[in-house]
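Peer 1: Take this structure, written in structure tokens, and hold onto it; I'll ask about it next.
The values are calculated or read from the model by the stated rules, or taken from the named source; none is laboratory data. As the structure is a computational prediction, the values presented were derived from the model and not from experiment. A quick note on method: Cβ atoms are made from the backbone with ideal geometry, for glycine too, and the neighbour counts reach across all protein chains shown. Just the protein is used for accessible areas: all its heavy atoms, side chains included, with ligands, DNA and RNA removed. Shrake-Rupley method; radii C 1.70, N 1.55, O 1.52, S 1.80 Å.
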Amino acid sequence: MKMDQNPYEIFQNEFPELAGKFNELVEAQISLKGLDPKTKQLINLAIQTANRNPQGVKMHAMMAKKIGATREEVTSAVVLNLHLSGLAAVLECLPAAIEGFKLE
């Protein structure tokens, strides 16, 4: 196993049945009515920032861009946490958001 392998891929490889059930949960959440897909991704960005998860921020920034979010929307979702989660969370995750937005 390579150390630079995507952590989610490791999870899927090591626990395929559990990962499959997790993917079903994610699909059920995605299908919930009430919020458009872009808004859901921006909320996910904010939640990942609050959890201080740069890898998650990077992934959701890429996904948000793919469904039409602007760079400003992506970075704003991260910075929104400043008064809620603190400067450290924002500083830890903002570079990941920018990097994820640059990915194809």
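Peer 1: Report yes if residue 104 is open to solvent by 60 Å² or more (accessible area, probe 1.4 Å), of a type in the set (D, E, K, R) and assigned to a helix (DSSP H, G or I), otherwise no. Walk me through how you get there before you give the answer.
Peer 2: Details: open to solvent by 60 Å² or more (accessible area, probe 1.4 Å): yes; of a type in the set (D, E, K, R): yes; assigned to a helix (DSSP H, G or I): no.
In short, no.
Peer 1: Being in contact (Cβ under 8 Å) with a residue 12 or more places away in the chain, farther than 24 Å from residue 6 by Cα and either open to solvent by less than 70 Å² (accessible area, probe 1.4 Å) or touching a helix residue (DSSP H, G or I) at 6+ places or on another chain (Cβ under 8 Å) (or both) narrows it down to one of 79, 57, so name that one.
Peer 2: Working: 57 fails: farther than 24 Å from residue 6 by Cα.
After ruling out the rest, the residue left standing is 79.
Peer 1: Please go through segment 58-91 and give me each residue that is part of a helix (DSSP H, G or I) and among the small types (Gly, Ala, Ser), ordered by number.
Peer 2: As a first pass, look at segment 58-91 and keep what is part of a helix (DSSP H, G or I): 58-66, 71-79, 82-85, 87-91.
Those that are part of a helix (DSSP H, G or I) and among the small types (Gly, Ala, Ser): 61, 64, 76, 77, 85, 88, 89.
Residue-by-condition table, conditions (1) modelled with pLDDT of 95 or more; (2) of a type in the set (A, V, I, L, M, F, W, C):
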| site | (1), (2) |
| --- | --- |
| 17 | yes, no |
| 29 | no, no |
| 38 | yes, no |
| 47 | yes, yes |
| 52 | yes, no |
| 55 | no, no |
| 91 | yes, yes |
| 97 | yes, yes |
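Peer 1: Next question. Give segment 14-54 a look and list any residue that's among the hydroxyl-bearing types (Ser, Thr, Tyr), more than 13 Å from the chain's Cα centre (by Cα) and surrounded by 10 or more Cβ atoms within 10 Å (Cβ to Cβ), or say none. I'd like the intermediate steps shown before the answer.
Peer 2: Filtering segment 14-54 down to residues among the hydroxyl-bearing types (Ser, Thr, Tyr) leaves 31, 39, 49.
If we keep only those that are more than 13 Å from the chain's Cα centre (by Cα) as well, we get 31.
Within segment 14-54, none qualify.
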